[in-house]
1. Which is within 13 Å of the ligand (Cβ to nearest atom), under 20 Å from the mean Cα position of the chain (by Cα), closer than 20 Å to Ile21 by Cα and surrounded by fewer than 17 Cβ atoms within 10 Å (Cβ to Cβ), of Ala217, Ala222?
2. Here are the criteria: (1) touching a residue at least 60 places away in the same chain (Cβ under 8 Å); (2) within 9 Å of the ligand (Cβ to nearest atom); (3) crowded, with 22+ Cβ neighbours inside 10 Å. Tell me which single one Val12 does not satisfy.
3. Do any residues in region 150-176 that are over 17 Å from Ile90 (Cβ atoms) have Cβ atoms under 8 Å from those of residues that are of a type in the set (Asp, Glu), where the two are at least six apart or on different chains, and which pairs are they?
4. Go over the candidates Ser53, Ser17 one by one and state the one that is without any contact (Cβ under 8 Å) to a residue 60 or more places away in the chain, polar (S, T, N, Q) and either under 25 Å from Asn234 (Cα atoms) or out of contact with any Cys (no Cβ under 9 Å at 6 or more places or on another chain) (or both).
5. How many residues, within region 15-35, are within 7 Å of the ligand (Cβ to nearest atom) and of a type in the set (A, V, I, L, M)?
6. Does region 173-188 contain at least one residue that is surrounded by 20 or more Cβ atoms within 10 Å (Cβ to Cβ), away from the ligand (no atom under 12 Å from the Cβ), within 16 Å of the chain's Cα centre (by Cα) and part of a helix (DSSP H, G or I)?
7. Does any residue in region 223-247 that is free of Cβ contacts under 8 Å to residues at least 40 places away in the same chain come within less than 8 Å, Cβ to Cβ, of a residue that is assigned to a helix (DSSP H, G or I) and of a type in the set (A, V, I, L, M, F, W, C) six or more places away or on a different chain, and which pairs are these?
8. Looking at Val226, is it in contact with a Cys (Cβ under 8 Å, 6 or more places away or on another chain) and either assigned to a helix (DSSP H, G or I) or at pLDDT below 95 (or both)?
Amino acid sequence: MDLAKNFNDKVVLITGSSRGIGRACAKTFSELGCKIIIHYNKNATAAMEVKESMNTETQILQADLSHESGCKKLISEAGETFGKIDILVINHGIWERGEINKITTNDLNRTIDLNLKSLFYLTRETIPFFPSNKGGSIILISSTAGQRGEANYSQYAASKGGVIALTKSLAVELAPRKIRVNAVAPGWVKTDMANDVLQGDYLKEIIATIPLKKIAAPEDIAPSVVFLASNYANHITGEILNVNGGSVLCG
Ligand SMILES: NC(=O)c1ccc[n+]([C@@H]2O[C@H](COP(=O)([O-])OP(=O)(O)OC[C@H]3O[C@@H](n4cnc5c(N)ncnc54)[C@H](OP(=O)(O)O)[C@@H]3O)[C@@H](O)[C@H]2O)c1
């Protein structure tokens, strides 16, 4: 199969594609000839740099996805941009520390609203923009934290565990519309999100726990997202693809 032919004329919206994993996904889909909708919240300069690095048709859209109205605005503008959405990658997120004895309602809401509730709104709003005859593909970004938990980040782990349950539920619910729903669950990835903790001795300790002895680069995650969106995965739905160097196996 020629992957570029597979993706010819496909419209891909990637949330949180100004930086990190989302940016790597945007670049990889662009190299395959897709039309790309880059989304950011605050970092307009980074989003513009992503656009400038691409040769295919692109649009940049801004939205704060921590509330329903921001999600609706993004999908309405994204749907209008190219008249359809074929592939939706919901990647944006935050990772905040939250010890259980100190956690507040605001802390909880920030993470759950952005990392979990927005996925419901974005999916609901996108359904009318998938071509009704061909369907589409949704890829959600979970985490090893959603599979084995994460001490002191329990609200993040719960949000990412919720992403896994959502993936499996929507896969069955949306199958009659030919919309496949899968998730990628990365382990540690070298991005702004984790940069502060991936330093010094702690970095060495983390690497020692990963069977493949490497922290992933964003470019190590993007091909799995592309695979799940491609025809190579046309009979795969409801799947959680681990991209973690084997780390869940020894957690
Ligand atoms: N890095 C890791 O080790 C790791 C591991 C497992 C899973 N993940 C997951 O992978 C995904 C991407 O993470 P990353 O490491 O690439 O993160 P990142 O480099 O910190 O990028 C986060 C992205 O999310 C956007 N964003 C943040 N707050 C937002 C808001 N309120 N509304 C809309 N967009 C918002 C940011 O936009 P701006 O640039 O405009 O701020 C940015 O594009 C996340 O879901 C994360 O939980 C990451």
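1. On the way: Ala222 fails: surrounded by fewer than 17 Cβ atoms within 10 Å (Cβ to Cβ).
Just one listed residue meets the conditions, Ala217.
2. Unmet for Val12, out of (1) touching a residue at least 60 places away in the same chain (Cβ under 8 Å); (2) within 9 Å of the ligand (Cβ to nearest atom); (3) crowded, with 22+ Cβ neighbours inside 10 Å: (2).
3. Going by the 8 Å Cβ cut-off, the qualifying pairs are Asn152/Glu99; Tyr153/Glu96; Gln155/Glu96; Gln155/Asp107; Ala157/Glu150.
4. Values: Ser17 fails: without any contact (Cβ under 8 Å) to a residue 60 or more places away in the chain.
Being without any contact (Cβ under 8 Å) to a residue 60 or more places away in the chain, polar (S, T, N, Q) and either under 25 Å from Asn234 (Cα atoms) or out of contact with any Cys (no Cβ under 9 Å at 6 or more places or on another chain) (or both) holds for just one of Ser53, Ser17, which is Ser53.
5. Looking only at region 15-35, we keep the residues that are within 7 Å of the ligand (Cβ to nearest atom), and these are 15-22.
Then keep just the ones that are of a type in the set (A, V, I, L, M); that gives 21.
So the count comes out to 1.
6. Scanning region 173-188 turns up no residue that is surrounded by 20 or more Cβ atoms within 10 Å (Cβ to Cβ), away from the ligand (no atom under 12 Å from the Cβ), within 16 Å of the chain's Cα centre (by Cα) and part of a helix (DSSP H, G or I).
7. Phe227/Ala233
8. Criteria met by Val226.
The values are calculated or read from the model by the stated rules, or taken from the named source; none is laboratory data. Computed from a predicted structure; not experimentally measured. Glycine gets a Cβ as well: all are built from the backbone with ideal geometry, and neighbour counts include every protein chain shown.
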